[in-house]
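Accompanying notes for the structure given below.
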Amino acid sequence: MFRRKKKDEPTDTPPAPEQAEGAPSEAPVEPAAEASAATEPTTATAATPAEADAAAGSGDSKPSSKRRGNRVQKVGTVSSDKMQKTVVVRVDRLVLHQKYRRYVRRTSKFMAHDELGATTGDRVRIVETRPLSAKKRWRVVEIVQKAAK
């Protein structure tokens, strides 16, 4: 599968340029100045916005919600609300059939934690979260549209 390179074979990386013995090298950089600049972070030169927020924060140890990244959100219809603080959300999506080139409806059911009081027939937005129980890994964020009664 893989073979080792022989010593006389060229490598993919270009060789480093060689300096003549009598040629002066570039200006030497003091290691102490380099280390002090690397250890002292400045707020203006932070590498990422999340690091800038962490540096400018009040010093609390809990992580901010901006560092978690974007969580997956889905919009679906509540198909069951018979449990306490849990609803079953049915999410439909259209998938292109490979052979017939027609769109086919696929349905997925998700158990979601519901503090808002969604009922059967409501359109809700759910977001992924940590495991809350054996089957529950989603949380209801908002009720998009209430069911017609």
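Brief remarks on what is shown
- Residue within region 63-72 that is in contact with a strand residue (DSSP E or B) (Cβ under 7 Å, 6 or more places away or on another chain) and modelled with pLDDT of 95 or more present: yes
- For region 111-135, a residue qualifies if it is more than 20 Å from the chain's Cα centre (by Cα) and not hydrophobic (A, V, I, L, M, F, W, C), and the qualifying residues are H113, D114, E115, G117, T119, T120, G121, D122, R123, S133, K135.
The values are calculated or read from the model by the stated rules, or taken from the named source; none is laboratory data. The shown structure was predicted, so the numbers you read here are calculated from the model rather than taken from an experiment. Methodologically, a virtual Cβ is constructed for each residue, glycine included, from the backbone with ideal geometry; neighbour enumeration extends over all protein chains shown.
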